[in-house]
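To keep things clear, I will list the structure first and then write my remarks on it.
The values are calculated or read from the model by the stated rules, or taken from the named source; none is laboratory data. Bear in mind that the values here come from a model prediction, so they are computed numbers and not experimental data. Here the Cβ is made from the backbone with ideal geometry for all residues, glycine too, and neighbour counts use every protein chain on show.
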Amino acid sequence: MSTSDRVVLVLGGAGTVGSGIVKALLDKGFKVAVISRDASRLDRLRTFVSPTTQQNLITVVGNVGSEDGAEEAKQALLEQVGKVTDIVSSLGFSWWQGGPPHTQTLKDLHWVIETLLFSTFVSWKAFFPLVRDTAESSYTVITGGAGEKLLMPGTGFLTVGAASALAFCQVLREEYPEVPCKLNQVKINTGVATPERMAPGYLNHLDLGEAVAALVERGSSSHTVFAVSSPADLKTVLLEGNL
Ligand SMILES: NC(=O)c1ccc[n+]([C@@H]2O[C@H](COP(=O)([O-])OP(=O)(O)OC[C@H]3O[C@@H](n4cnc5c(N)ncnc54)[C@H](OP(=O)(O)O)[C@@H]3O)[C@@H](O)[C@H]2O)c1
């Protein structure tokens, strides 16, 4: 199947990580669909992608983090695009530094888990059936290395939320060992930013986007965790497919 016949749904496509992936997929000739709760984020995304690819970007205002919202958004999307061949899930948030646990409330923890885990689960449950039984299809989940270590004092709940997303990906791999769809995870062990907000050691979201788009295009591996800790890893791990 050529890229122009493939429709990639990028969950969280209006975010920092997701927008880089959306742009790169469009540049490769894919059609790309993005659902966001915020229409103005979708407008900004449209102006961010290459002008010649804008007609291949399909946007839907919706909430993939609630069961009803995800179903509604799915119907609205399918009416527009007919089919989805690939999904990249990049839901969550970039950073959380609310303080050490004794200063936090249950509400804070709820929000962190809702944003990193519940939305990932709810949207997976709604959208995975669209690609599950097709060998040419893929479902790729973006996760963060914060799940394995405390990034700095005060980021503890980020570690809790990110760890729950890592565990959910492990559950998917082990509960669905023989699913035809290519099921992969990209685990980013460093910060990701737009060119204006880069810090030492960070990945440019455009470079990360190119690497993830290459992974989707290649569609060869499954049940694999691609760990990315530096810009060099993007080339060796994703672009060249070395594991
Ligand atoms: N940025 C980094 O430095 C970094 C580093 C390593 C890993 N990561 C991982 O990359 C992923 C995305 O991070 P990001 O930096 O792109 O975050 P971001 O800019 O905040 O974007 C996150 C996206 O998730 C969506 N979202 C959040 N909560 C939701 C909910 N309850 N229901 C539905 N959608 C929800 C938002 O959708 P709306 O458009 O609807 O608001 C937004 O588009 C996360 O899993 C994060 O762990 C990020």
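Out of all the residues in the range 195-205, is one or more modelled with pLDDT of 95 or more, crowded, with 20+ Cβ neighbours inside 10 Å and assigned to a strand (DSSP E or B)?
yes
Within the range 85-140, take every residue that is within 17 Å of Ser36 (Cα to Cα) and among the β-branched types (Val, Ile, Thr) and give me the one that is nearest to the ligand (Cβ to nearest atom).
Taking the candidates together, the pick is Thr115.
Among Lys149, Lys107, Lys83, which is the only one that is within 18 Å of Leu166 (Cβ to Cβ) and surrounded by fewer than 16 Cβ atoms within 10 Å (Cβ to Cβ)?
Lys149
Of these, Asp38, Asp86, Asp43, which one is within 30 Å of Gly154 (Cα to Cα) and of a type in the set (Asp, Glu)?
Asp38
Look at Val22 and say whether it is within 18 Å of the chain's Cα centre (by Cα), near the ligand (Cβ under 10 Å from one of its atoms), part of a helix (DSSP H, G or I) and modelled with pLDDT of 95 or more.
For Val22, the condition - within 18 Å of the chain's Cα centre (by Cα), near the ligand (Cβ under 10 Å from one of its atoms), part of a helix (DSSP H, G or I) and modelled with pLDDT of 95 or more - is not met.
Looking at the range 179-188, which of its residues are in contact with a strand residue (DSSP E or B) (Cβ under 6 Å, 6 or more places away or on another chain) and in a loop (DSSP other than H, G, I, E, B)?
Listed by number, the list holds a single entry, Cys181.
Looking at (1) crowded, with 17+ Cβ neighbours inside 10 Å; (2) more than 11 Å from the ligand (Cβ to nearest atom), can you tell me which one Ser50 breaks?
Unmet condition: (1).
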